[in-house]
Amino acid sequence: MARQKRSWAEPYRIKMVEPIRMTTRKHRENAIRTAGYNTFLLRSDDVYIDLLTDSGTSAMSDNQWAGLMLGDEAYAGSRSFYHLEEAVADIYGYPELVPTHQGRGAEHILSQILIKPGDVIPGNMYFTTTRFHQEYAGGEFVDIIIDEAHDATSTHPFKGNVDLDKLRTVIADAGAARIPYISVETNVNMAGGQPLSMANLRETYALCRQHGILLMLDATRALENAWFIQQREPGYAKRSVREILLEICSYSDGATVSSKKDNLVNIGGFLALRDPELARRARGLLVAFEGLQTYGGMSGRDMEALSRGIYEMVETDDHVRARVGQVEYLGNKLIAAGVPVALPIGGHGVFLNAQAMLPHIPQEQFPAQSLAAALYVDSGVRSMERGVVSAGRDPKTGENRHPRLELVRLTIPRRVYTQAHMDVVAESVEAVYAERDKIRGLTMTYEPEDLRFFQARFEPVSVTEVLPPRSRS
Ligand SMILES: *Cc1c(COP(=O)(O)O)cnc(C)c1O
């Protein structure tokens, strides 16, 4: 007799709780107006369920909290640094550790040591801070992700894959000498948390080696990528995520990691490398921008909790199964309700297809920004725009970039919310979708020069601008 398929449950029980409370609709209307219709500018006290980001919002374990007490705060040579160095070598396989305050600190150092003005850095879709640091160092980012990644309806199992033909073209056009490294992101954030396959990474690495180009991973969500490889790629079903993660990193020369994601801590990050000479150069800059080489931008207790988080995330496969399982639970609920979401459901969040949900709002009026504001007003659920606002302007032309994906991200913090919270979120999205005709577009009233999505302000477009043509007369 075939064994009955069992459902999974969170592999932990709750030892401490943090109260949250629902506000009134009137309160939320006021709050979002005060915040310039930008969910980044809301106060967290005004938020009921916070799905802004999975960055630094994880719940730590009892073992990690215990680690905080044991952190060694020595300025130099902290015991906690050596624990972290050992964890990164064990789990990611990199011998050289350069600790930073968070992911962008690592991106800054890496970009500064490798990129010269005029260089080209191919990557499988941009990430905001990653591209910022590449451009800040004088480089130019070129997108080499497969076309399917830009199509919210494509169900390709590995939408994070590098398009090797695009990479060959970039190498032929720019010349290998002008490409200091290629930047490969695992479980591509801006594509909706979509993995790349081991086969694709292996081939990309081989092509890079052939041309003498380094391959640097953004391994921020490599654990979630490893899970999808185990689930979807032939030959990996019986391998543990720990083994798969180590193999992923083996096809690279180094990695930047924001530990605020996979690694289950609230702050931290690192640059990890194989080449000691490159690491020496990185440490030279580290002292100026982050801190001494044995703490970077972290306290001893941060490093202690981080090293424990790194071991914990791969101790068994149960953690990542429940983590991605909860995201899929929310996604499948929305799919069942007919809400257009980006497919397949990714590893860290559910991405609402704002363009499909709000076809009456043109991209110049920021449909995803409008949808995020409307969802907040409905239920106090905080989400984030991932569309034309996040994409920013082209530094050469000054024009708005028009990404094909205009999404609202419902990002799930790790180990924080329950399935019941996911039910409430799904109900709110369905309610907003049912009333979508009432949602108006926005105009930007304040635009910061860099990474504008964090601080931009908006107001609703005037009613005459949005009435459909037939009712205007
Ligand atoms: C969050 C993130 C970063 C930046 O890391 P911070 O810790 O926020 O500075 C870089 N890359 C990816 C893919 C991320 O998700």
Discussion item. I'd like to verify a number: residues in the stretch 1-23 that are surrounded by 13 or more Cβ atoms within 10 Å (Cβ to Cβ) and in contact with a Phe, Trp or Tyr (Cβ under 9 Å, 6 or more places away or on another chain), how many?
Written reply: 2
Discussion item. Tell me whether the stretch 68-88 contains one or more residues that are within 16 Å of the ligand (Cβ to nearest atom), part of a loop (DSSP other than H, G, I, E, B), out of contact with any helix residue (DSSP H, G or I) (no Cβ under 6 Å at 6 or more places or on another chain) and not small (G, A, S).
Written reply: no
Worksheet item: Which condition breaks for Q64 when tested against (1) in a helix (DSSP H, G or I); (2) without any contact (Cβ under 8 Å) to a residue 40 or more places away in the chain?
Response: (2)
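Pick from Y433, Y417: which is assigned to a loop (DSSP other than H, G, I, E, B) and either modelled with pLDDT of 90 or more or touching a Pro at 6+ places or on another chain (Cβ under 6 Å) (or both)? Lay out the reasoning, then the answer.
On the way: Y433 fails: assigned to a loop (DSSP other than H, G, I, E, B).
Going through Y433, Y417 in turn, just one is assigned to a loop (DSSP other than H, G, I, E, B) and either modelled with pLDDT of 90 or more or touching a Pro at 6+ places or on another chain (Cβ under 6 Å) (or both): Y417.
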Discussion item. Can you confirm whether A255 is at pLDDT 95 or above, outside any loop (DSSP other than H, G, I, E, B), surrounded by 18 or more Cβ atoms within 10 Å (Cβ to Cβ) and of a type in the set (A, V, I, L, M)?
Written reply: yes
Fill in: Criterion violated by P180 - all others in (1) within 14 Å of V142 (Cβ to Cβ); (2) within 16 Å of the ligand (Cβ to nearest atom) satisfied
(2)
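Please verify whether the stretch 346-353 includes one or more residues that are surrounded by fewer than 24 Cβ atoms within 10 Å (Cβ to Cβ), of a type outside the set (D, E, K, R) and over 20 Å from L41 (Cβ atoms).
Step one: of the stretch 346-353, the residues surrounded by fewer than 24 Cβ atoms within 10 Å (Cβ to Cβ) are 353.
Then keep just the ones that are of a type outside the set (D, E, K, R); that gives 353.
If we keep only those that are over 20 Å from L41 (Cβ atoms) as well, we get 353.
Yes, the conditions are met somewhere in the stretch 346-353.
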Worksheet item: Within the stretch 24-40, is even one residue assigned by TED's automatic domain parsing to the domain that holds A177, of a type in the set (D, E), away from the ligand (no atom under 16 Å from the Cβ) and open to solvent by 20 Å² or more (accessible area, probe 1.4 Å)?
Response: no
Worksheet item: Is there any pair linking a residue in the stretch 363-386 that is part of a loop (DSSP other than H, G, I, E, B) to one that is of a type in the set (S, T, N, Q), with Cβ under 8 Å and at least six apart or on different chains, and which?
Response: G380/T23; S383/T39; S383/T411
Discussion item. Would you confirm, using the coordinates I've provided, whether R452 is touching a residue at least 12 places away in the same chain (Cβ under 8 Å) and either open to solvent by 80 Å² or more (accessible area, probe 1.4 Å) or not assigned by TED's automatic domain parsing to the domain that holds Q363 (or both)?
Written reply: no
Practice prompt. For the stretch 215-230, indicate whether the set of residues that are at pLDDT below 95, assigned to a helix (DSSP H, G or I) and hydrophobic (A, V, I, L, M, F, W, C) is non-empty.
Written response: no
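Go through the stretch 215-271 residue by residue and tally those that are of a type in the set (A, V, I, L, M) and free of Cβ contacts under 8 Å to residues at least 24 places away in the same chain. Step through it out loud before you land on a result.
Of the stretch 215-271, the ones of a type in the set (A, V, I, L, M) are 215-217, 219, 222-223, 226, 229, 237, 241, 244-246, 248, 255, 257, 264-265, 267, 271.
Okay, now just the ones that are also free of Cβ contacts under 8 Å to residues at least 24 places away in the same chain, so 237.
Residues that pass the stated criteria total 1.
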Practice prompt. Inspect all residues belonging to the stretch 118-136 and state whether any of them is open to solvent by 20 Å² or more (accessible area, probe 1.4 Å), out of contact with any His (no Cβ under 7 Å at 6 or more places or on another chain) and basic (K, R).
Written response: yes
Worksheet item: Within the stretch 85-101, can you find the residues that are open to solvent by less than 30 Å² (accessible area, probe 1.4 Å) and either over 24 Å from the mean Cα position of the chain (by Cα) or more than 15 Å from V314 (Cα to Cα) (or both)?
Response: Y94, L97, V98, P99, T100
Worksheet item: In this structure, does P362 turn out to be under 18 Å from P460 (Cα atoms) and surrounded by fewer than 17 Cβ atoms within 10 Å (Cβ to Cβ)?
Response: yes
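Please enumerate the residues belonging to the stretch 118-152 that are in contact with a Lys or Arg (Cβ under 6 Å, 6 or more places away or on another chain), in a strand (DSSP E or B) and within 16 Å of the ligand (Cβ to nearest atom).
Kept after step one, since they are in contact with a Lys or Arg (Cβ under 6 Å, 6 or more places away or on another chain), are these residues of the stretch 118-152: 119-120, 129, 141, 144, 148-150.
Those still in the list that are in a strand (DSSP E or B) too: 120, 141.
Listed by number, the list holds a single entry, F141.
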Worksheet item: Here are some conditions: (1) in contact with a strand residue (DSSP E or B) (Cβ under 8 Å, 6 or more places away or on another chain); (2) within 12 Å of the ligand (Cβ to nearest atom). N189 meets all but one. Which one does it not meet?
Response: (1)
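Consider R393 carefully, then state whether it is at pLDDT below 95, open to solvent by 10 Å² or more (accessible area, probe 1.4 Å), among the charged types (D, E, K, R) and in contact with a helix residue (DSSP H, G or I) (Cβ under 6 Å, 6 or more places away or on another chain).
On the way: at pLDDT below 95: yes; open to solvent by 10 Å² or more (accessible area, probe 1.4 Å): yes; among the charged types (D, E, K, R): yes; in contact with a helix residue (DSSP H, G or I) (Cβ under 6 Å, 6 or more places away or on another chain): no.
Spelling it out, it is not the case that R393 is at pLDDT below 95, open to solvent by 10 Å² or more (accessible area, probe 1.4 Å), among the charged types (D, E, K, R) and in contact with a helix residue (DSSP H, G or I) (Cβ under 6 Å, 6 or more places away or on another chain).
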Practice prompt. Scan the stretch 335-344 residue by residue and report those that are farther than 19 Å from R404 by Cβ and assigned to a loop (DSSP other than H, G, I, E, B).
Written response: A337, G338, V339
Worksheet, complete the sentence: Over the stretch 131-154, the set of residues at pLDDT 95 or above and among the polar types (S, T, N, Q) is Q134
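Within 19 Å of the chain's Cα centre (by Cα), more than 15 Å from the ligand (Cβ to nearest atom) and crowded, with 17+ Cβ neighbours inside 10 Å - does that describe any residue in the stretch 202-216? Lay out the reasoning, then the answer.
Restricting attention to the stretch 202-216, the residues satisfying the condition of being within 19 Å of the chain's Cα centre (by Cα) are 216.
From what's left, more than 15 Å from the ligand (Cβ to nearest atom): none.
No, the stretch 202-216 has no match at all.
The values are calculated or read from the model by the stated rules, or taken from the named source; none is laboratory data. If you're wondering where the values come from, they're calculated on a predicted model, not measured in any experiment. In this analysis, Cβ positions are derived from the backbone assuming ideal geometry, glycine residues included, and neighbour counts consider all displayed protein chains. Accessible surface is based on the protein model in full, side chains and every heavy atom, while ligands, DNA and RNA are left aside. Shrake-Rupley method; radii C 1.70, N 1.55, O 1.52, S 1.80 Å.
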